[in-house]
1. Work out how much length K408 to L266 would gain on full extension: take 0.36 nm times their residue separation and subtract the Cα-Cα distance, in nm to one decimal.
2. E240 to E432: extension gain in nm, 0.36 nm per residue of separation minus the Cα-Cα distance?
3. Starting from the alpha-carbon convex hull of segment 173-252, give the projected area averaged over all orientations, in nm².
4. Could you work out how much longer the chain between K163 and V295 gets when fully extended? Use 0.36 nm per residue separation minus the Cα distance between them, nm to one decimal.
5. What order do you get for L211, L108, L426 when you list them from fewest to most C-beta neighbours inside 10 Å?
6. Can you sort F41, F243 from fewest to most other Cβ atoms within 10 Å of each residue's own Cβ?
7. Which of R145, R317 has the fewest other C-beta atoms within 10 Å, and how do the rest follow up to the most?
8. Return, ordered by residue number, the residues of segment 279-311 whose backbone nitrogen is under 16 Å from a label point located 7 Å along Cα→Cβ of D362.
Amino acid sequence: MNIPRLNSILSTLNRLTDDISIPYPMKNMWERCRIRGGFHFGWPALTIGSKTARIPIIQGGMGLGISLSRLASAVADTGGIGVIAANCIGLIEHDYFKDGRAANIRALRREIRTARAQTTGLIGVNIMVAMNDFYQLLDVSIEERVDLIIMGAGLPVKNIPVKKMRDAGVLAAPIVSSARAARIIFKMWEKNYHDVPDAVILEGPLAGGHLGFSKNEVNDPAFRLEELLPDVVTEVAAFEASFNRKIPVIAAGGIFTGEDIHSIMLKGASGVQMGTRFVATDECDADDRFKQAYVDCTTDQIGLIDSPVGMPGRAIRNEFILATEKGRFPSFRCAWQCLANCKAEKAHYCISIALNNARRGDLDHGFVFVGANADRVKEIVPVATLIHRLAEEYSDIVKEMAIKRLDKLERLVAGIQALQIQYNTLCTRFRETGQQYEKRMKEIQARIIENLEESWALVNSVMPA
């Protein structure tokens with residue numbers, strides 16, 4: 001990429017702007033020409049309510065112990081928003097099968113506090129609305145004053161303690177799969193709480209885990225993330241106007257590279273949520289064998305499953321999944337009815353236990369949820385390395401787009417230089433003309449006075465005494 005050429009043009013443009021704006025002041029020159037200091041190739045910050053993340057990335061909340069305090073704090077340290085997933089978090093406790101609800105509450109509180117002790121960055125919690133302990137986990141998150149609560153797997157509209165959240169400085173972001181869902185949530189909040197969420201996360205059909213789409217919709221081009229985004233942005237914009245606040249739309253599902261981030265932000269997203277990429281990191285809280293499954297999986301291994309919770313999900317279709325589909329079901333003991341609509345008895349396996357087994361590295365008795373692009377993961381790296389690569393990819397695509405416009409930019413700069421010469425020439429002529437005008441006027445004035453004097457003299461000569 002011809003960056004020196006671009007830098008040279010930008011330097012010339014800066015100089016030209018100075019040359020024109022300083023001697024010949026033009027109103028709001030710098031406000032209209034945001035080129036001062038060089039072109040900005042980096043990604044923008046993500047502001048949600050009163051809080052700003054230096055980078056526009058939210059790490060996706062991955063339950064059953066995949067994203068806990070270690071991963072969340074590492075992401076927060078890089079400037080993104082790290083997220084602890086609350087659903088069935090108690091499975092990391094020794095007594096989950098004695099009292100799953102209590103284990104969840106205890107584990108979530110501890111993980112939030114641990115994350116807080118490890119970073120000064122932004123920490124969020126992801127809570128599934130469909131969980132039977134949703135409100136208890138919500139209370140814990142508010143009590144611990146997390147920065148952001150993300151609510152998915154259902155519509156968070158009933159009995160939401162909005163005032164408590166506001167008093168604690170906790171932001172709220174629902175996950176939706178359509179503009180219609182966003183409209184319902186925002187209208188219900190407006191009606192019930194005279195308030196609206198601080199952001200909304202639009203999750204497309206290429207995401208990992210449970211999906212908010214039918215199997216037919218998953219591969220339908222009409223339901224692609226980039227097709228859904230404009231309608232959600234438009235829907236949210238109406239509430240931005242009503243409440244006089246910025247409500248960012250965060251895009252999620254299938255976003256893999258810095259170029260993907262740039263592309264979806266051009267279409268109206270203020271930031272992105274990414275899950276799959278953060279599994280293959282050193283700091284991910286899952287067992288290394290779980291992470292390696294991402295590295296080893298192939299395109300044909302990634303597919304949809306019928307989850308016991310009654311929704312399609314995207315996973316690596318390993319031997320465990322194939323066996324359950326053929327009727328060879330593992331024995332299991334359900335700890336408690338963690339999901340109201342779970343059909344574990346009908347499916348003959350508990351999805352929470354299966355996912356937790358996989359999280360611990362026992363892939364023979366469990367399976368791995370993945371995003372559609374998981375086969376592109378080639379190695380396990382530190383979170384900081386991943387963020388650096390994404391930032392470079394984002395920067396590179398911005399530079400490439402700028403360079404593609406170099407010829408036009410050079411023509412524009414050359415045109416400005418020509419106009420500057422004409423401008424300076426006209427100014428010089430004006431000054432010279434002004435000097436000539438003053439001299440000529442004095443000459444004319446003198447001649448007028450001389451002629452007047454002669455006229456009066458003539459008049460006096462012919463008038464009788």
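Laboratory data are not the source of any read-out in this text; all were calculated from the coordinates shown. Owing to the predicted nature of the structure, the values given are computational and were not obtained by experimental measurement. A quick note on method: Cβ atoms are made from the backbone with ideal geometry, for glycine too, and the neighbour counts reach across all protein chains shown.
1. Numbers: separation 142, 0.36 × 142 = 51.12 nm, distance 2.09 nm.
Answer, rounded to one decimal: 49.0 nm.
2. Numbers: separation 192, 0.36 × 192 = 69.12 nm, distance 5.59 nm.
Full extension of this stretch gives 63.5 nm more.
3. The Cα convex hull of segment 173-252, projected and averaged over all directions, gives 5.1 nm².
4. Extending this stretch completely gives an extra 43.1 nm.
5. Going from least to most buried by this count: L426, L211, L108.
6. Ranked by crowding around the Cβ, least crowded first: F243, F41.
7. R145, R317
8. 287-290
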